[in-house]
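One structure is given here, and the rest of the page talks about it.
The values are calculated or read from the model by the stated rules, or taken from the named source; none is laboratory data. Since the model is a prediction, treat every value here as computed from it, not as a measurement. Glycine also receives a Cβ, built like all others from the backbone with ideal geometry; neighbour counts cover every protein chain displayed.
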């Protein structure tokens, strides 16, 4: 059965939102490095049977670009994943999801600083607006927290995850077109596993393997789920949808991630949705809309000013 792009675009953010929920349920049970390693190992084992021929055919292309593959693995699959799992160990899944929605703004900033892509006045306004929303959520809308710079450590880790994903997305946009996509996805996961391994070894030397004895059936199901839904199925739905619609049309659906996460976190985790989430979320979404739709907004403003309205 062939699903419409709108159905796929509704499913992708739903699957990505599970990353925050599952990560939250496993926080404090499985260390972030071990969970990252398990997540991508499961994904790779499922993906390999479907792309091993393509991998073999393009092995020289991938081997000759190994520094780029490791960079993809470092930014998109190690730092982003570990940062997210560390984040939900200290902050709420709702907070983490709203901060993650800041990603398109960071993407635009990275594109400007590294690739000198132009940033319009509308985008600058959107960046400031969205950043204000992020800070409002980080400081819980509390002026006293702002004055004393009282920041939740988890929010800081989530900002690291957002930054690493923005760097990964920009590099992938510029350099990824030379590779066949299905096998590239598998190779990037391999790169992520390679980069994660030294961190996993260090983590194990520090905390040991005792956490394995604390695992129960629910934890095993959660590990399997995080390797399938936010890792494989979310990417599959997103990539298939992008083949059928423009990326700008698809981007608006990413705003559903904090919406899904909020609803599921309240129902499943019993988290509270606070007023500062609403205010911060509105500012973030408004800023993201301005950054991603700056051409339409700029054209509209020029037309209004030219007609004297």
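Assorted remarks:
- Condition met for residue 30 (closer than 28 Å to residue 138 by Cβ and in a loop (DSSP other than H, G, I, E, B)): yes
- Figure legend. Inter-residue proximity from the stretch 23-41: first residues more than 10 Å from residue 85 (Cα to Cα), second residues not in a helix (DSSP H, G or I), beta-carbon distance below 8 Å, spacing 6+ or different chains. Indicated pairs: 29/215; 38/30.
- Among the candidates 79, 44, residue that is over 30 Å from residue 150 (Cα atoms), buried (at least 19 other Cβ atoms within 10 Å of the Cβ) and at pLDDT 95 or above: 44
- Of the residues contained in the stretch 215-229, one or more are found to be closer than 13 Å to residue 12 by Cβ and either over 21 Å from the mean Cα position of the chain (by Cα) or surrounded by 14 or more Cβ atoms within 10 Å (Cβ to Cβ) (or both).
- Scan of the stretch 49-67 for residues that are out of contact with any helix residue (DSSP H, G or I) (no Cβ under 6 Å at 6 or more places or on another chain), assigned to a helix (DSSP H, G or I) and closer than 24 Å to residue 198 by Cα, ordered by number: 63, 64, 66, 67
- Flag for residue 73 being part of a helix (DSSP H, G or I), under 13 Å from the mean Cα position of the chain (by Cα) and under 17 Å from residue 164 (Cβ atoms): no
- Taking first residues from the stretch 203-225 that are under 15 Å from residue 32 (Cβ atoms) and partners that are in a helix (DSSP H, G or I), the Cβ contacts under 6 Å between residues at least 6 apart in sequence or on separate chains come to 203/33; 222/22; 222/25; 222/26; 223/38.
- With a requirement of 2 or more residues that are buried (at least 22 other Cβ atoms within 10 Å of the Cβ), the helices (runs of 4 or more DSSP H) lying completely within the stretch 97-214 that satisfy it span 103-115, 121-138, 153-175, 181-207.
- Qualifying residue in the stretch 52-72 (condition: surrounded by 23 or more Cβ atoms within 10 Å (Cβ to Cβ) and under 30 Å from residue 126 (Cβ atoms)): yes
- Selected residue [under 19 Å from residue 207 (Cβ atoms) and within 18 Å of the chain's Cα centre (by Cα)] from 34, 27: 27
- Some residue of the stretch 291-302 being modelled with pLDDT of 80 or more, under 18 Å from the mean Cα position of the chain (by Cα) and either surrounded by 18 or more Cβ atoms within 10 Å (Cβ to Cβ) or not in a helix (DSSP H, G or I) (or both): no
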